[in-house]
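Before any comments, here is the structure.
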Amino acid sequence: MGSVSFTSMLANGCRSFSAPVALVRTLALTHVALSEHANNYKHVKVACFSRSSKKRTTFACESLKQDVTQPTAVSSANGYPEYTRLLPCPSHNGPPRVEHLVVSEGGPVLEYICKTLDLPPQFVADLIHFGAVYYALVCPKPPPTATPEQMRVFKEVTAPSVLKNRASIKGKTVREAQKTFRITQADEFVEAGTYLRVHVHPKRFPRCYEIDWKSRIIAVSEEFVVLDKPAGTTVGGTTDNIEESCATFATRALGLTTPLNTTHQIDNCTEGCVVLARTKEYCSVFHGKIREKKVKKLYLALAAAPVPTGIITHYMRPINVAPRLISEDFIERWSLCQLEVMECKEVPWPNAVVEEKYCVEDCGWPSKDYAYECKINLLTGRTHQVRAQLAACGAPIVGDSMYMPAAVAEMESPGLNPFGQYKKHYTTENDKETAVAEWIARHGKEPNAAIGLQACQISWDDGKHTFEARAPWWRCQ
């Protein structure tokens, strides 16, 4: 077997999450031990190259604790750390590493990845179990940053004369054959010409192993489960990790044989009510209720400044990347965002002990004597809507490391926000684009753990089903 690597890796630094290391972080993985594959590799020549250099890069990252078997030592062979298993879960996320491969000789996917990327069988089996390996029958077009050599390989493996001889794509358009799907079985056969994307360092969620999940179950019916989601967790998983999710751990906590299905999302840094469907049929039913606006969500938000009661309206840029930009004025094709602030009361700012316990980040807000707890009726459900709207009002959410820095900058220098109350008049479109880019740069990174936001209540069918979360973390002082 052989391969060509399109992009050796992406490295953007380390994510971190403070978590006790004494806790046991183990799972009973369902796949069978695959160490016997180590002696069965065929000796083949493998061609790999990096986008930046033929030399592997050594990552400089904070050392992991002793109880973690995630890679800790650097391999002299390729500059990457030594790999063992994905479990136990590390306290810190490592730098991202995504490998793009084109198979030049068919074979079992696990053996192929092990040999090509010099990874142990158990580690690759874990990646497949986590949902971190994808395939497409035909290689997608590389990005504009691709090197001439990468483009040459792409054109070679997608040439019509090559594709017409592949029985697996007969009857499919090239576009259809370029769709990616998860690899689910370690022994799945991949034929020559298949594209593989391997997320070698999936995003991790150590918080999952610290939670008493049974205590977070609010309600169980034959159709659904209502969960009080902890902050620092993902509802249904990420692109590279469907294992460490609320849906997976709630399924295990309840001893269910059929996995729970995600019906809606709240941000990883947000806690509170989420509904998980027990069947695919009810998942579709609940999606219908959301579309028909039969689902009502109430939030508690801990804002850094007072927020006026009443309906707040903004318009959100229809680009699916963070931070979400919003405007007070109507802009064509921007999405309507509305929420109703039902009440707003002054409360003490969380003390240092509570902030440390819940890993709440210090985002530079100048005054920390008081915060303001707002009860919010979410009228439209946009991603980051509550966070972005309150920040635009000059009242960012406590701990929100993405939106609070920009709100502080606008407060200190009114007019930085090109869509805000004190926006400037730009003479050219280029000037405005520059201002927008500078405004985006004022924002920080997505929070690693908790922010002052809770989905405190969810109801549907005119209140026939109504469920509430426990007291929010900032009241636990």
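A few notes on this one:
- When restricted to residues that are part of a loop (DSSP other than H, G, I, E, B), among the basic types (Lys, Arg) and touching a residue at least 60 places away in the same chain (Cβ under 8 Å), the stretch 296-321 contains 0.
- When Gln421, Gln454 are screened for being closer than 30 Å to Ala371 by Cα and open to solvent by 60 Å² or more (accessible area, probe 1.4 Å), only Gln421 passes.
- Selection count where residues are surrounded by 13 or more Cβ atoms within 10 Å (Cβ to Cβ) and small (Gly, Ala, Ser), scope the stretch 169-188: 2
- The residue pairs whose first member lies in the stretch 280-295 and is in contact (Cβ under 8 Å) with a residue 60 or more places away in the chain, whose second member is open to solvent by less than 60 Å² (accessible area, probe 1.4 Å) and part of a helix (DSSP H, G or I), and whose beta carbons are closer than 9 Å, counting only pairs six or more residues apart or on different chains, are Lys294/Gly288; Val295/Phe286; Val295/Lys289.
- Enumeration of residues in the stretch 86-109 that are in a loop (DSSP other than H, G, I, E, B) and more than 18 Å from Ile128 (Cβ to Cβ): Pro88, Pro90, Ser91, Gly94, Pro95, Pro96, Ser104, Glu105
- Failed item in (1) open to solvent by 10 Å² or more (accessible area, probe 1.4 Å); (2) among the β-branched types (Val, Ile, Thr); (3) in a helix (DSSP H, G or I); (4) in contact (Cβ under 8 Å) with a residue 40 or more places away in the chain, with Ile113 passing the rest: (1)
- Residue list for the stretch 264-288, filter: within 27 Å of Arg97 (Cα to Cα) and either β-branched (Val, Ile, Thr) or surrounded by 20 or more Cβ atoms within 10 Å (Cβ to Cβ) (or both): Ile266, Asp267, Asn268, Cys269, Thr270
- Among the residues of the stretch 269-284, at least one is assigned to a loop (DSSP other than H, G, I, E, B) and under 23 Å from Ala449 (Cα atoms).
- Scan of the stretch 249-263 for residues that are within 16 Å of Gly237 (Cβ to Cβ), free of Cβ contacts under 8 Å to residues at least 40 places away in the same chain and either out of contact with any helix residue (DSSP H, G or I) (no Cβ under 7 Å at 6 or more places or on another chain) or open to solvent by less than 60 Å² (accessible area, probe 1.4 Å) (or both), ordered by number: Ala250, Thr251, Arg252, Leu260, Asn261, Thr262, Thr263
- Once the stretch 237-248 is narrowed to residues that are assigned to a helix (DSSP H, G or I) and touching a Ser or Thr at 6+ places or on another chain (Cβ under 6 Å), the residue that is surrounded by the most Cβ atoms within 10 Å (Cβ to Cβ) is Cys246.
Listed here are the residues, each with its yes/no results for (1) closer than 25 Å to Thr234 by Cα; (2) touching a residue at least 24 places away in the same chain (Cβ under 8 Å); (3) of a type outside the set (D, E, K, R).
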| residue | (1), (2), (3) |
| --- | --- |
| Arg387 | yes, yes, no |
| Ala391 | yes, no, yes |
| Asn417 | no, yes, yes |
| Ala441 | no, no, yes |
| Lys445 | yes, yes, no |
| Ala450 | yes, yes, yes |
| Ile458 | yes, yes, yes |
| Asp462 | no, yes, no |
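- Of the residues making up the stretch 141-171, those that are touching a Lys or Arg at 6+ places or on another chain (Cβ under 9 Å), in a loop (DSSP other than H, G, I, E, B) and touching a residue at least 12 places away in the same chain (Cβ under 8 Å) are Thr145, Ala146, Thr147, Thr158.
- Qualifying residue in the stretch 357-380 (condition: among the acidic types (Asp, Glu) and open to solvent by less than 40 Å² (accessible area, probe 1.4 Å)): yes
- Considering residues of the stretch 222-236 that are open to solvent by 20 Å² or more (accessible area, probe 1.4 Å) and touching a residue at least 40 places away in the same chain (Cβ under 8 Å) only, the residue farthest from Gly255 (Cα to Cα): Glu223
The values are calculated or read from the model by the stated rules, or taken from the named source; none is laboratory data. All values reported here derive from a predicted model rather than from experimental measurement. Cβ sites come from the backbone with ideal geometry, for glycine too, and all protein chains shown count toward neighbours. Protein only, heavy atoms only, side chains kept; ligands, DNA and RNA dropped before computing areas. Shrake-Rupley method; radii C 1.70, N 1.55, O 1.52, S 1.80 Å.
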